[in-house]
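Q: This is the structure I have questions about; it appears just below.
Read the figures in this text as sums done on the coordinates, not as results from a lab. Here the structure is a predicted model, which means the values were calculated and not measured. Cβ placement follows ideal geometry from the backbone for every residue including glycine, while neighbour counts extend to all protein chains displayed.
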């Protein structure tokens, strides 16, 4: 989505800022973030709990450096969690997931991973999820809070997509049930399409004084401080400005409409896929056609992604990149780019949405590339024939 005009103005007005800022982050920005997330998540957050980094990715790496013990990582999960842990010599224990259950996180599988650990444990969760698109319910998060409290597990809750929920449910943070053991991660890159600004934030539990001190040392010796103009401009992003908040909701609706269209197309041709509940990702599984795909030389997700790209011009990432078993024929689809390939297209789509706001008309008349991709996928499935056992 395009940069909101108020944010463009805020950045322009801050362009003269050239000094180094506090390693923890601009105090006024930390105050704004504490207030913003406090309201959105119904939490009591102090500015002293907030640290600013050059994107949440850098903060994740700093946490990997600062925290002792092993990383417990659900499958599937974002591609950088495990490599960052490996870079600092941290052991990663994967939480297995069943493709037939759309890779849902279960306490049975979590327990298997936890019982194998003989050290301190940090669990990373991501809701809304990249790559699977699901969100955790309040009921699940309450149970997870009790479980983590019982086992003394610290949780990094990556909520970078938390402001892009779809219509099914509101985003809920684990910190609402487990404030003493939850680190919240967020930033500007997703809900405001400001990835290039490289501004992320972490909210640390109030009593985790030593952890905050360690993060500040790491920040001091690495990135020093996030760009001053960006931090000053970001105050506007976290100001609860009615125009910006309406824009965020508008963009979330567009992502929801596009993602659900792809999900409906997938399920209509028999592809197993969890319904997206937030963000703009889906994680379809093609195991039903394992025999037919093997006849084409496709036996794992990397080969499947390569085959779709070469023969049907559909770009997807293999499930193995997100921790799924190599033989799982799972892929990650992203709906954030098709028909939005240029800045001009992004601007025009926003105006088109505002002029019609009829999802069916919006999808039918203004998404030629998305329709073409879905037709190619139908052709692919038709070529494979009826799945074995059907």
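Q: How do 63-70, 98-105, 242-249 rank on mean C-beta neighbours within 10 Å, highest first?
A: 63-70, 98-105, 242-249
Q: Separation between the residue 341 and residue 117 pseudo-spin-labels, each 7 Å from Cα along Cα→Cβ, expressed in nm?
A: 4.4 nm
Q: Run the numbers for residue 240 and residue 358: contour at 0.36 nm per residue of separation, minus the present Cα-Cα distance, in nm.
A: Length gained between residue 240 and residue 358: 39.8 nm.
Q: Return the whole-Å distance between the Cα centroid of region 103-163 and the Cα centroid of region 260-332.
A: For region 103-163 versus region 260-332, the Cα centre distance is 24 Å.
Q: Another question about this same structure. If the convex hull of the alpha-carbon atoms of region 310-388 is projected onto planes in all directions, what is the mean projected area in square nanometres?
A: 7.2 nm²
Q: When N counts the residues of region 244-384, how does its alpha-carbon radius of gyration compare numerically with 2.2 N^0.38 Å, as a ratio?
A: 1.11
Q: Once the convex hull of the alpha carbons of region 5-240 is built, what does its volume come to per residue, in cubic angstrom?
A: Given the Cα convex hull of region 5-240, per-residue volume reads 120 Å³.
Q: Provide the packing ranking of 311-322, 211-222, i.e. peptides ordered by the mean count of other C-beta atoms within 10 Å per residue, highest first.
A: 311-322, 211-222
Q: Need the C-alpha centroid separation for region 28-46 versus region 355-384, integer Å.
A: For region 28-46 versus region 355-384, the Cα centre distance is 40 Å.
Q: How are the Cα pair distances of region 86-188 distributed, in percent, across 10 Å bins from 0?
A: Final binned percentages: 14, 47, 34, 5, 0.
Q: Report the label-to-label distance for residue 6 and residue 168 in nanometres (one decimal), using points 7 Å from each Cα along the Cα→Cβ vector.
A: 3.1 nm
Q: Sticking with this one: Please check: in the Gaussian network model of the chain (C-alpha springs, under 10 Å), which one of 326, 256, 175 has the largest mean-square fluctuation.
A: Comparing 326, 256, 175 in a Gaussian network model of the chain, the most mobile one is 326.
Q: Based on the Cα atoms of region 1-81, what semi-axes does the equivalent ellipsoid have, where each is the square root of 5 times one gyration tensor eigenvalue, given in whole Å with the largest first?
A: Calculated on Cα positions only, the semi-axes equal 28, 17, 16 Å.
Q: Could you calculate the FRET efficiency of residue 142 with residue 209 from 1/(1 + (r/R0)^6), where r is the beta carbon distance between them and R0 is 30 Å, rounded to 0.05?
A: 0.65
Q: On a full-extension model of 0.36 nm per residue, what is the gain between residue 222 and residue 309, subtracting their alpha-carbon distance, rounded to one decimal in nm?
A: 27.5 nm
Q: Viscosity 1.567 mPa s, temperature 4 °C: Stokes-Einstein D of region 6-48 from its Kirkwood Cα radius, in µm² per second?
A: It comes out at roughly 109 µm²/s.
Q: Defining a contact as two alpha carbons under 8 Å apart and six or more residues distant in sequence, what relative contact order in percent does the chain show?
A: Once divided by the residue count of the chain, the mean separation gives 20 percent.
Q: How much length is gained on full extension from residue 101 to residue 351, taking 0.36 nm per residue of separation minus their Cα-Cα distance?
A: Between residue 101 and residue 351, full extension yields 86.1 nm more.
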